[in-house]
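S.K.: Attaching a single structure in structure tokens format; questions to follow.
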Amino acid sequence: MSAQPSVQDMPPPGGFPQTIKYERYLPKRGPSGVVLFGGMIAIMAYGWNEYFKSLTEKKELHREHQWMRINIVPLLQAETDRDYVRRAEAYKKREKLIMQDADPDWQPWDLKAPTRGIGKRGVFDLNQAEPVYHTERHVMPKHLFVPGDDGERLKSQWWRGSKMFHNNPRYHEREDFTKEHPRGIQHTPDEIISK
Amino acid sequence: MTTHREAIFVNGLWVEKDPFPEDIAKPIDEVGLTSAPMESMAFFFAQHCKDYTEDFMLCKNESSDQTKCLKEGRKVTRCAMDLISKLKANCDKQWEQHWKCMDTNNHLLWLCRPQEKEFNDCVFNKLGLTKHIPGVPEGETPVHLKENPMFKREPVPWK
């Protein structure tokens, strides 16, 4: 090619005016990396510290709650024992009444009384009578014969319709559930009703 | 898998109506408290009736036979009745405020601290009983005496 002077897009003579910023401008400002990481670590350390403190406090609250319940145990156990003895004696009286014609020596509801039919070494022998348990410790009988259906029975779920949850009734036990509104009073916005 | 399912008796429930047999022991006034008042007075009951409850639990430890520990159980109940009558005579209002607050707040002690403080102060002044939580590590204040606890919330009021 001919040696012509190259045409380049050069700045005007005297340079660009000060208002046109053509150079890179990335000043070093703001907190340094150390400060940023340090700040993050400090905030996280504070958070973790608060969390572990809350765990210890939760443990202490749990301790308090458990001791509250432990302290009540003897009172409730004494009451339950008395109730159990009452019901056990009533049951034994009833069973003895039933068996008095069949076997006057019948020991009601007693797993340690000799039972006719149980023999030594677990054989079935109507001439022998061995108790079911031979141990010294107390064994609770497992089976109970409740009087038949001619006896007075309560409803299984007697608490339905009661005032046990008066502060926050169950969804289907709320008073606004009626025959007219089987799903409760539905609150619709006024603009839909007017259309 | 460990959820609890109540037994459903399809034929209905049957209640034993016979009274306690007289030949074993004479009947005794039962404690008629519901759970919230009982929980309020639990710590004071532990201190007031410590001897009788210890006797009863040691007797229970020996055998699970219910007929063996009836005497100690009666002593425990009588001591509890004595404490209840003392509380009603001296600190009835504060006790009522505390257990009513507990009743609407899932029986959580940490939600009813102001009422508990009033009740504890009244009981200490009138009856001399304090609330003691065993097993708190040394150097730590018990959680009911902490000044700025982390767990706090507005309790649901009694209606």
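The values are calculated or read from the model by the stated rules, or taken from the named source; none is laboratory data. Everything quoted here is computed from the prediction, not taken from an experiment. For neighbour counting, all protein chains shown are included, and Cβ atoms are generated from backbone atoms with ideal geometry for every residue, glycine included. These accessible areas exclude ligands, DNA and RNA; they are computed on the full protein's heavy atoms, side chains included. Shrake-Rupley method; radii C 1.70, N 1.55, O 1.52, S 1.80 Å.
S.K.: Pop out the ³J(HN,Hα) list for the stretch A:111-121 in order, Karplus 6.51 cos²θ - 1.76 cosθ + 1.60 with θ = phi - 60°, rounded to Hz; leave Gly and Pro as x.
M.R.: 7, 9, 8, x, 10, 5, x, 8, x, 5, 6
S.K.: Would you mind checking B:17/B:75; A:59/B:100; A:155/B:71; B:60/B:100; B:71/B:93 for any pair whose Cα atoms are more than 29 angstrom apart?
M.R.: Details: B:17/B:75 25 Å; A:59/B:100 25 Å; A:155/B:71 35 Å; B:60/B:100 33 Å; B:71/B:93 33 Å.
Check vs 29 Å cut-off fails for A:155/B:71; B:60/B:100; B:71/B:93.
S.K.: Considering only B:86, B:17, B:68, give the residue with the highest GNM mean-square fluctuation for chain B, with springs between Cα atoms whenever their separation is below 10 Å.
M.R.: Largest GNM mean-square fluctuation: B:17.
S.K.: Hey, what number do you get for chain B at 222 nm if only DSSP H runs of n ≥ 4 count, each worth -39500 (n - 2.57), divided across all residues, to the nearest 500?
M.R.: Working: 5 runs with 75 residues, N = 159.
-15500 deg cm²/dmol, from helical runs alone.
S.K.: Within 13 Å, Cβ to Cβ, of residue A:181, how many net charges do the neighbouring residues add up to if Lys/Arg are +1 and Asp/Glu are -1? Kindly include the intermediate steps, with their values, before the conclusion.
M.R.: Numbers: positive: A:174, A:179, A:183; negative: A:175, A:176, A:180.
Summing Lys and Arg as +1 and Asp and Glu as -1 gives 0.
S.K.: Simple spin-label model, 7 Å along Cα-to-Cβ: residue A:132 to residue A:20 in nm?
M.R.: Taking the simple label geometry, residue A:132 and residue A:20 are separated by 10.7 nm.
S.K.: While we're here: Just the number: Rg to Rh for the protein assembly as shown, Cα atoms, Kirkwood Rh, two decimals.
M.R.: On the way: Rg = 36.6 Å, Rh = 28.5 Å.
My calculation puts Rg/Rh at 1.28.
S.K.: In Å², and per residue, what accessible area does the stretch B:28-132 have when probed at 1.4 Å with the other protein chains present? The partial results should precede the final answer.
M.R.: Details: 5310 Å² over 105 residues.
Here the per-residue accessible area is 51 Å².
S.K.: Calculate the FRET efficiency for residue B:92 and residue A:120 from the Cβ-Cβ distance with a Förster distance of 51 Å, rounded to the nearest 0.05.
M.R.: Working: r = 65 Å, r/R0 = 1.27.
About 0.20, to the nearest 0.05.
S.K.: Return the single residue from B:97, B:66, B:47 with maximal mean-square fluctuation; model: Gaussian network over chain B, springs between Cα atoms under 10 Å.
M.R.: Ranking B:97, B:66, B:47 by mean-square fluctuation puts B:66 first.
S.K.: Given only helices, namely DSSP H runs of n ≥ 4 each adding -39500 (n - 2.57), what is the per-residue ellipticity at 222 nm of chain A, to the nearest 500 deg cm²/dmol?
M.R.: Per the formula, -13500 deg cm²/dmol.
S.K.: Could you work out how far the C-alpha centroid of the stretch A:1-77 sits from that of the stretch B:4-49, in angstrom?
M.R.: 59 Å
S.K.: Taking the Cα centre of the stretch B:28-132 as the origin and placing charges on Cβ (Lys, Arg +1; Asp, Glu -1), which of B:110, B:56, B:67 is farthest toward the positive end of the dipole?
M.R.: B:110
S.K.: Based on the Cβ-Cβ distance of residue B:121 and residue A:183, what FRET efficiency does E = 1/(1 + (r/R0)^6) give at R0 = 45 Å, to the nearest 0.05?
M.R.: Numbers: r = 51 Å, r/R0 = 1.12.
FRET efficiency, residue B:121 to residue A:183: 0.35.
S.K.: Quick one: helix B:70-103 against the long Cα principal axis of chain B, what's the angle to the nearest 10°, folded into 0 to 90?
M.R.: Rounded to the nearest ten degrees, it is 40.
S.K.: Put +1 on the Cβ of each Lys and Arg and -1 on the Cβ of each Asp and Glu in the protein assembly as shown; which of A:185, A:16, B:99 then has its Cα farthest toward the positive end of the dipole?
M.R.: A:16
S.K.: For the stretch A:40-102, give the percent of accessible area contributed by carbon and sulfur heavy atoms, probe 1.4 Å, rounded to a whole number.
M.R.: 64 percent
S.K.: Taking amide hydrogens as modeled 1.01 Å from N in the peptide plane, which residues meet the under 5 Å criterion relative to residue B:13, leaving out close sequence neighbours?
M.R.: Amide H neighbours of residue B:13: A:154, A:155, A:156.
S.K.: Could you please state how large a percent of the accessible area of chain B is carbon and sulfur, counting protein chains only and using a 1.4 Å probe?
M.R.: Details: 5310 of 10220 Å².
The value for chain B is 52 percent carbon and sulfur by accessible area.
S.K.: Taking amide hydrogens as modeled 1.01 Å from N in the peptide plane, which residues meet the under 5 Å criterion relative to residue A:125, leaving out close sequence neighbours?
M.R.: Here the answer is A:117, A:118, A:119, since their amide H atoms fall under 5 Å of that of residue A:125.
S.K.: Taking amide hydrogens as modeled 1.01 Å from N in the peptide plane, which residues meet the under 5 Å criterion relative to residue A:184, leaving out close sequence neighbours?
M.R.: A:178
S.K.: Explain nothing, just the number: relative contact order of chain A, from Cα pairs under 8 Å at least 6 residues apart, as a whole percent.
M.R.: Values: 70 pairs, mean separation 13.3, N = 195.
This gives 7 percent for chain A.
S.K.: Which of B:123, A:133, A:113 sits farthest toward the positive end of the charge dipole of the protein assembly as shown, with +1 on the Cβ of Lys and Arg and -1 on the Cβ of Asp and Glu?
M.R.: B:123
S.K.: Related question: From zero up to wherever the largest Cα-Cα distance of the stretch B:28-132 sits, split into 5 Å bins and tell me the percent of pairs in each.
M.R.: Binned Cα distances yield the sequence 2, 13, 21, 21, 17, 12, 8, 5, 1.
S.K.: Mind listing the phi-derived Karplus ³J(HN,Hα) values for the stretch B:106-115, rounded to whole Hz, using 6.51, -1.76 and 1.60 with θ = phi - 60°, and x for any glycine or proline?
M.R.: Using θ = phi - 60°, the values come out as 6, 6, 9, 6, 6, 8, 10, 5, x, 5 Hz.
S.K.: Report the accessible surface area buried between chains A and B, summing both sides, using a 1.4 Å probe on protein heavy atoms only, in Å² rounded to the nearest 100.
M.R.: Numbers: alone 19550 and 12450 Å², together 27380 Å².
Counting both chains, the buried surface is close to 4600 Å².
S.K.: Using only atoms on other chains, find how many Cβ atoms lie within 10 Å of each Cβ of peptide A:62-69 and report the average. Intermediate results must be reported in sequence, preceding the final value.
M.R.: Details: counts 1, 7, 10, 7, 2, 9, 11, 4.
Mean shielding count: 6.
S.K.: Would you kindly find the accessible area of residue A:176, with a 1.4 Å probe and non-protein molecules such as ligands, DNA and RNA excluded, rounding to the nearest 10 Å²?
M.R.: 40 Å²
S.K.: Could you give the size of the charge dipole of the stretch B:28-132 about its Cα centre, using +1 on the Cβ of each K and R and -1 on the Cβ of each D and E, expressed in debye and rounded to the nearest 20? Let's see the in-between values first.
M.R.: Values: 15 positive and 16 negative charges, 37 e Å.
Dipole about the Cα centre, nearest 20: 180 debye.
S.K.: I'd like the accessible area for residue A:51, computed on protein heavy atoms only with a 1.4 Å probe and all protein chains in place. Round to 10 Å², please.
M.R.: 110 Å²
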